[in-house]
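First up is the structure itself, then whatever we jot down about it.
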Amino acid sequence: MATGDAPQTWHYGLVARWWDEFNRDGPEIDYFRRFIEAGDGPALDAPCGTGRLLLPYLRAGLDVDGADVSPDMLELCRTRAESEGLSARLFAQALHELDLPRRYRTIVVCGGFGLGGRREHDVQALERLHAQLEPGGTLVLDNEVPYADGLAWRHWHKEERRELPRPRKEPGERRTGSGGAEYALRPRLVSLDPLAQLLTYEMHAWMWREGELVAEEQRELRMTVYFTHELELMLERAGFTEIELQAGYTGEPPTGDDDFVVFIARRAR
């Protein structure tokens, strides 16, 4: 893949370290686990990041691999796994380039669809996810609806887009990591293309040791957002069947008040 065609995300360096330190829980872990257990076979967590879902599954003795576009995330995941005596099979691949050595009964995509690439990448990603499933296997994919973020949603209006990019902000609250270093993150919305449904964010990250600023980074994230029935049609086009929708991590039918919709889709036997 040419460099200019690479996914544009911020999940490297200090941002990856922040994710590893502070993003370790959430209702998604138990929610997706029940699909992996019901699948009764090998599973894939993609993108797995620093192992927020993957490591609890490995601790539980589940057969789960991980894939992610960020080598920084994967290295942090591997280090944590090894520190606990766990063996993690990890692959540095973007979703639209998945080509892994085995197929899976279950694939979970938590918080990673639409990040970094373009619409055609996402179309390819669904095709690759379908190909990585065993016949009868299940894809479980969550999607944050475009109107969940009120600040970003108002910038879909032409007049509001004139305010972009949003102003940069100072670090604000710092969080102390396990090694004593302090971290801060500040995202800002840079641009929004409503026709392409493409949002571009900028993330500013800082790290201090003993009160002294020792590292500062700035990275960019492209995000294509999808409406619920649009994504349902994309899944059908990729070959998935028996598509079920659930409200985020509850198992209930989704409503217009839900910020996340989960898609449960199967590859035909």
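(1) within 17 Å of residue 6 (Cα to Cα); (2) under 18 Å from the mean Cα position of the chain (by Cα); (3) not β-branched (Val, Ile, Thr): which one isn't true of residue 99, the others all being true?
(2)
Give me the pairs, please: first residue somewhere in the range 46-69 and within 14 Å of residue 12 (Cα to Cα), second residue anywhere and of a type in the set (S, T, N, Q) and surrounded by 23 or more Cβ atoms within 10 Å (Cβ to Cβ), beta-carbon distance under 7 Å, and either six or more positions apart or on two chains.
Qualifying pairs under 7 Å: 69/9.
Run residue 222 past the list (1) crowded, with 18+ Cβ neighbours inside 10 Å; (2) out of contact with any helix residue (DSSP H, G or I) (no Cβ under 8 Å at 6 or more places or on another chain); (3) assigned to a loop (DSSP other than H, G, I, E, B); (4) not hydrophobic (A, V, I, L, M, F, W, C) and report the number of the one that doesn't hold.
(3)
Select from the range 74-85 the residues that are in contact (Cβ under 8 Å) with a residue 12 or more places away in the chain and either closer than 16 Å to residue 108 by Cβ or assigned to a loop (DSSP other than H, G, I, E, B) (or both) and list them in ascending order.
77, 84
Go over the candidates 67, 125, 131 one by one and state the one that is at negative phi, at pLDDT 95 or above, among the small types (Gly, Ala, Ser) and in a strand (DSSP E or B).
Testing whether each residue is at negative phi, at pLDDT 95 or above, among the small types (Gly, Ala, Ser) and in a strand (DSSP E or B) leaves just 67.
I'd like to know if the range 93-100 contains one or more residues that are farther than 30 Å from residue 257 by Cα, small (Gly, Ala, Ser) and in contact with a Cys (Cβ under 9 Å, 6 or more places away or on another chain).
So far as the range 93-100 goes, no, none of its residues is farther than 30 Å from residue 257 by Cα, small (Gly, Ala, Ser) and in contact with a Cys (Cβ under 9 Å, 6 or more places away or on another chain).
Report yes if some residue within the range 193-212 is closer than 19 Å to residue 14 by Cβ, of a type outside the set (Asp, Glu) and loosely packed, with under 12 Cβ neighbours inside 10 Å; otherwise report no. Full working, then the answer.
The first filter runs over the range 193-212 and keeps only residues closer than 19 Å to residue 14 by Cβ, leaving 201-212.
Checking the rest, the ones that are also of a type outside the set (Asp, Glu) come to 201, 203-209, 211.
Imposing the further condition that a residue be loosely packed, with under 12 Cβ neighbours inside 10 Å reduces the set to 211.
Checking the range 193-212: at least one residue is closer than 19 Å to residue 14 by Cβ, of a type outside the set (Asp, Glu) and loosely packed, with under 12 Cβ neighbours inside 10 Å.
Inspect the range 182-193 for any residue being touching a His at 6+ places or on another chain (Cβ under 6 Å), in the same structural domain as residue 136 (by TED's automatic domain parsing) and at pLDDT 95 or above and give the result as yes or no.
No, the range 182-193 contains no residue that is touching a His at 6+ places or on another chain (Cβ under 6 Å), in the same structural domain as residue 136 (by TED's automatic domain parsing) and at pLDDT 95 or above.
If the Cβ limit is 7 Å and pairs must be 6+ apart or interchain, which residue in the range 148-175 that is outside any loop (DSSP other than H, G, I, E, B) pairs with which residue that is acidic (Asp, Glu) and surrounded by 10 or more Cβ atoms within 10 Å (Cβ to Cβ)?
What qualifies is 154/160; 175/182.
Would you mind finding the one in 69, 15 that is buried (at least 22 other Cβ atoms within 10 Å of the Cβ), in contact with a strand residue (DSSP E or B) (Cβ under 9 Å, 6 or more places away or on another chain) and over 25 Å from residue 179 (Cβ atoms)? Spell out the reasoning first.
Numbers: 15 fails: over 25 Å from residue 179 (Cβ atoms).
Of 69, 15, the one residue that is buried (at least 22 other Cβ atoms within 10 Å of the Cβ), in contact with a strand residue (DSSP E or B) (Cβ under 9 Å, 6 or more places away or on another chain) and over 25 Å from residue 179 (Cβ atoms) is 69.
Condition test on residue 168, is it closer than 28 Å to residue 213 by Cβ, modelled with pLDDT of 95 or more and basic (Lys, Arg)?
no
Filter the range 217-265 down to the residues that are basic (Lys, Arg) and within 20 Å of the chain's Cα centre (by Cα), then identify the one that is farthest from residue 124 (Cα to Cα).
That would be 219.
Any idea how many residues of the range 234-269 are surrounded by 15 or more Cβ atoms within 10 Å (Cβ to Cβ), under 21 Å from residue 104 (Cβ atoms) and among the aliphatic types (A, V, I, L, M)?
Adding up the residues that qualify gives 7.
If a residue has to be among the small types (Gly, Ala, Ser) and either in a strand (DSSP E or B) or under 14 Å from residue 138 (Cβ atoms) (or both) to count, how many in the range 239-253 make the cut?
Residues of the range 239-253 among the small types (Gly, Ala, Ser): 239, 247-248, 251.
So of that shortlist, the ones also either in a strand (DSSP E or B) or under 14 Å from residue 138 (Cβ atoms) (or both) come out as 239, 247.
Count: 2.
Could you grab the pairs with beta carbons closer than 6 Å, sequence gap of 6+ or different chains, first residue in the range 103-118 and touching a residue at least 60 places away in the same chain (Cβ under 8 Å) and within 14 Å of residue 145 (Cα to Cα), second one part of a loop (DSSP other than H, G, I, E, B) and among the β-branched types (Val, Ile, Thr)?
Pairs found: 115/9.
Please enumerate the residues belonging to the range 176-187 that are in contact with a helix residue (DSSP H, G or I) (Cβ under 8 Å, 6 or more places away or on another chain) and either part of a strand (DSSP E or B) or buried (at least 16 other Cβ atoms within 10 Å of the Cβ) (or both).
Across the range 176-187, the qualifying residues are 183, 185.
The values are calculated or read from the model by the stated rules, or taken from the named source; none is laboratory data. Not measured: the values here are computed from a predicted model. Quick reminder, even Gly has a Cβ in these numbers, built from the backbone with ideal geometry, and neighbours come from all protein chains shown.
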